[in-house]
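This report refers to the structure that appears directly beneath it.
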Amino acid sequence: MAPPSLHRGRVNLGGRLPRPQHKTLLAQAKAVLDGNWTGHFTMPSPRLYPHQWNWDAAFIAIGLAHYRPARAAQELRALFAGQWQTGMVPQIVFNPQAARPYFPGPEFWQTRRAAAAPRKPETSGITMPPVHATAALHMYRTARNAARMRESFQALFPKLLASHRYFYRFRDPAHEGLVYIRHPWESGVDNSPTWDAVLCEIDLTRVALPDYQREDLATVSSEQRPTREDYDRYVYLVDLFRQCDYNDEEIFRTCPFLVQDPMFNSLLYKATNDLVELASILNQDAGECEEWLQQSYRSFNSKLWNAETRAYDAFDLVRGRRIPVQAVTGFLPLFGGLATPEQAAALYDGLRSPSFGGPDFARFFRFPSFDVRHKAFDPRKYWRGPVWVNVDWMLYHGLKSYGYKEGAEAVRRDVFELVERFGFYEYFTPYRESTVGGLGADRFSWTAALYLDLAGEKPISERNP
Ligand code: DGY
C-alpha cells in the first residue's frame, strides 16, 4: 500500500482531518487490517510478525470492532485458544501456516516441556501486558450491536478472569498486589532503557548460549531494532525458562530479571476494574477482583511512586531497588487510574517537560518513548525514543479521564499527523522535521486499528480544567 500523501504544516482543528483525506485514511486503515487477516487472527505485520501476539490482538480487536465486530470477537477467541492451564495468556500464539520465519519460533521455546502449556496451538512461554478485559469493554461500548458483542463475551469472561488470577497467584510472591515480569519481552517495551540496569547485571562471559539466528534484521534495519547484546540476554532468559520446564516457582527462584513495572501493573489494574464492569454487564461474578484492586492501589502508590522525582519508577525485585529512569511507560498510571489528582498533575507536568518534548512540542511529536535528554535516548531504535501509537492511544484516554482535555486532543492530533505523513508504521520518529518518519514494520495492524478507533472518538472540548 502506498503511504498516504504528505501534507506538512496542516492545521488540524479539534483532531479532525479534512473529510476526503480522512475518508481515504480510514479506508487504508481497514485495508491494512484486512490484508493482515489470516482467516483466524490478524498478524501484527506479515513480514516481521507472522504469528499472533498477545497485546497486539487486543488493540487490533478494538479497531476491528468498528467495522467487523464478529472478526473482533474472533481475534480474542484465537488468542485465548493458546491460554495455559495456569491461566497465563502467552505472548505469542504460533501460526503453523506462517509464510515467513520468525525467531524465536516454537522449536526454540519448547513449551511442550511445560505441563500447563497447550499442545495445540503452540505458544511461547511468557506473557505480555494484560489489556484484554479493557479491550473487551471498549469493544462493547463502541459496538453498533452491543447485545451481540455481549453474547460473544460470555464464554470469554471466565478465561479473562483466569488470566487475572494467574497474575495474583504466580506473579505476586509477597501478596502485595504488584506483579512482576520476568523477561523484557513480557513488558511489551523490549529494549526500553528501563531494563538496562537489570540486564547489565546478567554476565554472559562464562555462559554457553544456545545457537540462534535472528530473523528480524532481514526486514528492518539493525539501527531500529534491539542490539545483539539485548538478544543474547533475551535468549539466555528463554533458555533458563526451558531448563525450569516453565515452572513458575522455579523461575521465580532462579531468574535474574524480575521487575515490577509501572506500565504493566497499571494496565493490569485497569483491566481488573474493566473486568468488574464486564462482569456486571454479563451477569457474572468477579467478587475476587475487589481485594486485588484495593491491595494494588495501596502498594502501587507506596512502592512505585518516587516523591523526589514526582514520577513512578520500576522496581528490581532481585536486587531490591528502584530503577529511576524516565520512560513514557511511567506515565501509564494515568491510563490505569492509579494516580491521585495531585500525582496526575505531576505526571502531566512530566509529559510536558523538556524530557518528553514539551512544553510547546514544536520539535517533537507527542510522546517520545524515552527521556529525550538522557544519554540512552535514540530516536530510531524501537522503545528507546520513537513514538508508538498504542502508548499514545492509552495516554489519550488517560489524560481525558483525568480532565486534561487539551492534552488528550493534542496527542490525538499528533497520531493523525504521524499516520497522515508517514503511513501505518510500527513506530515513528519523534522529530517533526523528519521527512522519513515511519520506522520498524510497515502496514502495522495496531497502528491502523487504533487510528480507526481514535478517528471514531468525538472531539472533546478544548477547555483545560
Ligand atoms: C519482537 O520480536 O521484537 C517482539 O517484540 C517480541 O515480542
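Each label point is 7 Å from the Cα along the Cα-to-Cβ direction; what then is the distance between the points at Glu457 and Arg228, in nm?
4.2 nm
Efficiency by 1/(1 + (r/R0)^6): what FRET value for Leu209 and Gln295, r their Cβ-Cβ distance, R0 = 41 Å, to the nearest 0.05?
With R0 = 41 Å, the Cβ-Cβ based efficiency is 0.60.
Please arrange Ile92, Ile60, Ile126 by counting, for each residue, the other beta carbons lying within 10 Å of its beta carbon, fewest first. List each step's numbers first, then the result.
Numbers: Ile92 26, Ile60 30, Ile126 23.
Ascending Cβ contact count within 10 Å gives the list Ile126, Ile92, Ile60.
Please get the size of the charge dipole for the stretch 91-241, origin at its Cα centre, with Cβ charges of +1 on Lys and Arg and -1 on Asp and Glu, quoted in debye to the nearest 20. Before the final figure, lay out each step's value.
Working: 19 positive and 18 negative charges, 221 e Å.
Roughly 1060 debye, rounded to the nearest 20.
In whole angstrom, note down how far apart the Cα centers of the stretch 104-119 and the stretch 393-465 are.
37 Å
May I ask you to evaluate 6.51 cos²θ - 1.76 cosθ + 1.60, the Karplus curve with θ = phi - 60°, for each residue of the stretch 149-157 and list the ³J(HN,Hα) values in order in whole Hz, giving x for glycine and proline?
Each residue of the stretch 149-157 in turn: 4, 4, 4, 5, 8, 4, 6, 6, 3 Hz.
What relative contact order, as a whole-number percentage, does the chain give when Cα pairs under 8 Å and 6 or more residues apart are counted? Could you put the intermediate results ahead of the total?
On the way: 824 pairs, mean separation 90.8, N = 465.
Contact order relative to length: 20 percent.
Test of understanding: what is the full-extension gain from Glu151 to Ala31, defined as 0.36 nm times their sequence separation minus their Cα-Cα distance? List each step's numbers first, then the result.
Values: separation 120, 0.36 × 120 = 43.20 nm, distance 2.75 nm.
Between Glu151 and Ala31, full extension yields 40.5 nm more.
When the helices in the chain are scored as -39500 (n - 2.57) per DSSP H run of 4 or longer and the sum is shared across all residues, what 222 nm value do you end up with, to the nearest 500 deg cm²/dmol?
Details: 18 runs with 198 residues, N = 465.
Per the formula, -13000 deg cm²/dmol.
May I ask you to compute the full-extension gain from Ile202 to Thr24, defined as 0.36 nm times their residue separation minus their alpha-carbon distance, rounded to one decimal in nm? Before the final figure, lay out each step's value.
Numbers: separation 178, 0.36 × 178 = 64.08 nm, distance 4.87 nm.
Contour length minus Cα-Cα distance gives 59.2 nm.
I'd like the Karplus ³J(HN,Hα) series for the stretch 171-180: coefficients 6.51, -1.76, 1.60, θ = phi - 60°, whole numbers in Hz, and an x wherever there's a Gly or Pro.
10, 10, x, 8, 6, 10, x, 10, 9, 9
Exactly which trypsin sites (Lys or Arg not before Pro) in the stretch 277-381 are in a DSSP loop and have at most 16 other Cβ atoms within 10 Å? Present the calculation step by step, with values, prior to reporting the outcome.
Working: sites: Arg298, Lys303, Arg310, Arg319, Arg321, Arg322, Arg352, Arg363, Arg366, Arg373, Lys375, Arg380, Lys381; in loops: Arg310, Arg319, Arg352, Arg363, Arg366, Arg373, Lys375, Arg380, Lys381.
Hits after loop and neighbour filter: Arg310, Arg319, Arg363, Arg373, Lys375.
Which whole-Hz couplings ³J(HN,Hα) result when phi for each residue of the stretch 28-33 is put into the Karplus expression 6.51 cos²θ - 1.76 cosθ + 1.60, θ = phi - 60°, listed in order with x for Gly and Pro?
5, 4, 5, 5, 5, 5
Give me the dipole magnitude in Debye, nearest 20, for the stretch 263-383 about the Cα centre, with unit charges on the beta carbon: positive for Lys and Arg, negative for Asp and Glu.
820 debye
Between the stretch 237-311 and the stretch 348-367, how far is it from one alpha carbon centroid to the other, in angstrom?
About 29 Å separates the Cα centre of the stretch 237-311 from the one of the stretch 348-367.
Rounding to the nearest 20 debye, state how big the charge dipole of the stretch 296-358 is about its Cα centre with +1 on each Lys and Arg Cβ and -1 on each Asp and Glu Cβ. Please list the in-between numbers first.
Numbers: 7 positive and 5 negative charges, 37 e Å.
Dipole magnitude for the stretch 296-358 comes out near 180 debye.
Projecting each Cα onto the charge dipole of the stretch 54-152 (Lys/Arg +1, Asp/Glu -1 at the beta carbon, about the Cα centre), which of Ala115, Pro101, Ala57 comes out farthest on the positive side?
Ala57
Based on the Cβ-Cβ distance of Glu249 and Ser353, what FRET efficiency does E = 1/(1 + (r/R0)^6) give at R0 = 56 Å, to the nearest 0.05? If you can, show how the numbers build up before the last one.
Numbers: r = 42 Å, r/R0 = 0.74.
Calculated transfer efficiency: 0.85.
If neighbour count is taken as other Cβ atoms inside 10 Å, put Lys120, Lys405 in order from fewest to most.
Details: Lys120 9, Lys405 17.
Ordered by Cβ neighbours within 10 Å, fewest first: Lys120, Lys405.
What list do you get for Thr111, Thr435 if you sort them by fewest beta carbons within 10 Å?
Details: Thr111 24, Thr435 10.
Ordered from fewest to most neighbouring Cβ atoms within 10 Å, Thr111, Thr435 come out as Thr435, Thr111.
Under the rule of at least 5 residues apart or a separate chain, name every residue whose amide H is placed under 5 Å from the amide H of Leu439.
The answer is Glu426, Tyr427, Phe428, Thr429.
Relative contact order for the stretch 308-465: what percent, with Cα pairs under 8 Å and sequence separation of 6 or more? Mind showing how you got there, number by number?
Numbers: 262 pairs, mean separation 30.2, N = 158.
About 19 percent, as a whole number.
What do you get for Rg/Rh over the chain if you use C-alpha atoms and the Kirkwood form of Rh?
Working: Rg = 20.6 Å, Rh = 22.2 Å.
My calculation puts Rg/Rh at 0.93.
Which of Ala279, Phe264, Thr309 sits farthest toward the positive end of the charge dipole of the stretch 261-320, with +1 on the Cβ of Lys and Arg and -1 on the Cβ of Asp and Glu?
Highest projection toward the positive end goes to Thr309.
If r is the Cβ-Cβ distance from Arg144 to Ala345 and R0 is 45 Å, what FRET efficiency results, to the nearest 0.05? If you can, show how the numbers build up before the last one.
Details: r = 37 Å, r/R0 = 0.83.
Efficiency, rounded to the nearest 0.05: 0.75.
Readers should treat all values here as calculations from the given coordinates under stated rules, not as data from a laboratory. Quick caveat: nothing in here was measured; it's all calculated off a predicted structure. As a convention, Cβ positions derive from the backbone with ideal geometry for all residues, glycine included, and neighbour counts pool all protein chains shown.
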